[in-house]
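Below: one structure, written as structure tokens.
The values are calculated or read from the model by the stated rules, or taken from the named source; none is laboratory data. Quick caveat, the model's predicted, so the values are computed rather than measured. All Cβ positions, even for glycine, are placed from backbone atoms using ideal geometry, and neighbour counts span all protein chains on display. To get the accessible areas, we keep the full protein, side chains included, count just its heavy atoms, and leave off ligands, DNA and RNA. Shrake-Rupley method; radii C 1.70, N 1.55, O 1.52, S 1.80 Å.
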Amino acid sequence: MPTPHQARHFLEIRKPVSRPQAILSAFGIWAVFFGIWSVAAHSGWVNALLVPPPDQVFATTWDLFASRGFASDVLISITRVLVSFAMACAVAIPLGVMMGTFPSVEAIFNPFVGAWRYLPAPSFIPILLMWFGTGEAPKLALLFIGVVFFLITLVMDHTKNVRKELIETALTLGASRQVTVMQVVFPAALPDIFTAMRQMLAMAWTYLVIAEIVASTTGIGAMMMRARRFLKTDEILSGIIVIGALGLFFDLAFGRLHRWLFPYRKETR
Amino acid sequence: MSEALLHLDAVSKVFPISGGESVQAVDHVTFDVEENRICVLLGPSGCGKSTILRMIAGLEAPSDGAVTLHGKPVIGPARDRGMVFQAYTSFDWLSVRRNVEFGMKVNGVPHAERRERAAHFIDLVGLTKFAEAYPSQLSGGMRQRVAIARTLANGPELLLMDEPFGALDAETRWHMQELMIDIARQENTTMVIVTHDIEEAIFLADKIIFLSSHPGRLKEVIVPEFKHGARIDDKEHIVQLPGYAELEQKIMRLMREEGSREEQ
Ligand SMILES: Nc1ncnc2c1ncn2[C@@H]1O[C@H](COP(=O)(O)OP(=O)(O)O)[C@@H](O)[C@H]1O
Ligand SMILES: [Mg+2]
């Protein structure tokens, strides 16, 4: 019970909010957003053709899934993200760990990887289309290029953050260099590597949408571009909602997985 | 007199630093460590204690001179010289038991023997109840005990410790020091312990190697004669023994000389 002299202000400096207040606040802001949108669209402040009301957008979303085969587009998009992301991880994690462990390996690859990071991945779209045609390959390649160089650098940095004493402990216990890397450096860096993967997966979604809008006939982005041609703003907005929901879902799933895989990390926080 | 297990022969270490200059951290240090004895490296901060210990561990190569174990030169880290650091080194992703088994596992000790030895050393450091806990659930002192058990379970000939209790609060440190005396008695372990704490040095040492700073030179080898070769496992008791106060004063004087020398 708060006593009078410690009555809470709404604006308390860095005092955590209670769970009910957090939930109320989160719902509140979204309610305001949809409220304004709804009122604006229904009352005719804005052109309902360009801004259809939210209830129509949700109805369209339902209809897209229920009777117009949108699920297959969504599935294609998810597959593209996961396949290209898995390829990026398969390259970035071993290479990043090696670079973060052995300065000699870093000396070779860092000047190369560092430069590629400054090239915006979408600038490769024209050449990727020429090389790979219009199949899945150019999309996967774009996502791969967009993610892999950042991921390598992040994995390298997290590997470098593994404390020297941990490595030296392993060596003085008689572990070989290989065992030290595999059984000490890698597991020590893994929780942070996992967090980097979570961040980069969000980036993969960004490149997916670019790839599908620019050069695809399938997937969520392609559906949105088709809808544009027929002035179906409700379908475009449905696409945006689905992309947002998928991004949120994968982020939450990664968060869950992190807590499940690395329970010891929670207790030190 | 027991035979020397470890011998340092005119060991020096020069570190290159930026701008093509170099700093001499250790200058021609010679001493022996006998089997089953506790040798303490004592001296003011920055006098090269850690550097000497790291050269014994093989983590750093001497610029000059040689470190020999059983007469064989030390090259690189190996299982015969286990090291405990001041910073926590628990492998957070492994339980206490698996931490303690780690060295034996990488050295191919069979599963059953590994289990048995791990249980023995976990018991020795009083953590049997926490064998399946994870290090992040333990206090600082308990984590340091895991590190000690992990090193001892690996069966090193020499236990090296670099200010192992420096990060612990006074009471925990005291318990840990008494624990080390117990371990030395039960396991016949040879130890080289680095500290800058005079009380800790006198309590633990069979022999104190006192170093002067900049560059690190051997100033004096001090044997706490007042213990008459016995190990006293009670800190309260030892400070009351005749001879303790004199030795403490003598070492404090040495420390102060070093301090004033540095200011010149
Ligand atoms: N890797 C290193 N590179 C350069 N100088 C070092 C390095 N390690 C230690 N030194 C220097 O050597 C001296 C002794 O250091 P150290 O052995 O850590 O002392 P102590 O453990 O007695 O406090 C210090 O002057 C320190 O700055
Ligand atoms: Mg030191």
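How many square angstrom of accessible surface are buried between A and B, both sides summed, with a 1.4 Å probe and rounding to 100? Before the final figure, lay out the partial values.
Details: alone 16690 and 12560 Å², together 27290 Å².
Approximately 2000 Å² gets buried when A meets B.
With protein chains left intact and a 1.4 Å probe, residues in chain A average 58 Å² of accessible area per residue.
In the range A:228-269, comparing the full protein assembly with the chain on its own, the residues that lose 20 Å² or more of accessible surface at a 1.4 Å probe are A:Y264, A:E267, A:T268.
Against chain A, whose longest principal axis comes from its Cα atoms, helix A:136-160 is set at around 50 degrees. Charging the Cβ of each Asp and Glu at -1 and of each Lys and Arg at +1, and nothing else, the dipole of chain B about its Cα centre rounds to 740 debye.
Per residue of peptide A:162-168, the mean number of Cβ atoms on other chains within 10 Å of the residue Cβ is 5.
What is the magnitude of the charge dipole of chain A about its Cα centre, with +1 placed on the Cβ of each Lys and Arg, -1 on the Cβ of each Asp and Glu, and no other charges, expressed in debye to the nearest 20?
Numbers: 22 positive and 15 negative charges, 93 e Å.
The dipole magnitude comes to about 440 debye.
Measuring between alpha carbons in the structure, the pairs from A:K164/B:K105; B:K49/B:K207; B:K13/B:K105; B:K72/B:K250; B:K13/B:K207 lying more than 26 angstrom apart are B:K13/B:K105; B:K72/B:K250. Spin-label pair B:R256-A:M87: with each label point 7 Å from Cα along the Cα-Cβ axis, the two points sit 7.4 nm from one another. For helix A:233-261, what angle does its Cα long axis make with the longest principal axis of chain A, in degrees from 0 to 90 and rounded to 10? Once rounded, the angle reads 30 degrees.
Efficiency by 1/(1 + (r/R0)^6): what FRET value for B:D233 and B:N36, r their Cβ-Cβ distance, R0 = 22 Å, to the nearest 0.05?
Numbers: r = 16 Å, r/R0 = 0.72.
Efficiency, from the Cβ-Cβ distance: 0.90.
Taking only the C-alpha atoms of chain B, Rg followed by Dmax gives 18.6, 60 Å.
Per residue of the protein assembly as shown, what 222 nm ellipticity follows from adding -39500 (n - 2.57) for every DSSP H run with n ≥ 4, rounded to the nearest 500? Before the final figure, lay out the partial values.
Values: 20 runs with 301 residues, N = 533.
About -18500 deg cm²/dmol.
Of A:F249, A:F58, A:F27, the residue with the greatest mean-square motion in the GNM of chain A, using alpha carbon springs below 10 Å, is A:F27. Summary of packing: across the peptides A:120-127, A:8-15, the per-residue average of other C-beta atoms within 10 Å ranks them, highest first, as A:120-127, A:8-15.
In the protein assembly as shown, a dipole from Cβ-located charges (positive for Lys and Arg, negative for Asp and Glu) runs towards its positive end, and of B:M55, B:M255, B:H28 it is B:M55 whose Cα lies farthest in that direction. Compared with the dominant Cα axis of chain B, that is its longest principal axis, helix B:244-263 is turned about 60°.
Between A:F124 and A:S18, the FRET efficiency estimated from the beta carbon spacing at R0 = 41 angstrom works out to 0.25. Rounded to the nearest 20, the size of the Cβ-charge dipole of the protein assembly as shown about its Cα centre is 2180 debye, with Lys and Arg at +1 and Asp and Glu at -1.
Counting protein heavy atoms only, the protein assembly as shown has 61 percent of its accessible area on carbon and sulfur, 1.4 angstrom probe.
Averaging the Cα positions of each part gives two centres, and for the range B:217-239 and the range A:39-61 these lie 86 Å apart. Among B:A118, B:A147, B:A245, the residue with the largest mean-square fluctuation in a Gaussian network model of chain B, with springs joining Cα atoms closer than 10 Å, is B:A245.
Taking a ≥ b ≥ c as the square roots of the eigenvalues of the Cα gyration tensor of chain A, is the shape rounded (a/c under 1.5), prolate (a/b larger than b/c) or oblate? Mind showing how you got there, number by number?
Details: a/c = 2.75, a/b = 1.27, b/c = 2.16.
Oblate, because a/c is 1.5 or more while a/b does not exceed b/c.
Taking A:T134, A:T169, A:T218 in turn, the Gaussian network model of chain A (Cα-Cα springs below 10 Å) assigns the largest fluctuation to A:T169. Of the residues making up the range B:71-89, those losing 20 Å² or more of accessible area when the isolated chain is joined by the remaining protein chains, with a 1.4 Å probe, are B:P77, B:M83, B:F85, B:A87, B:Y88, B:T89.
In this rough spin-label picture, where each label sits 7 Å from Cα along the Cβ direction, the A:S104-A:M225 distance is 4.8 nm.
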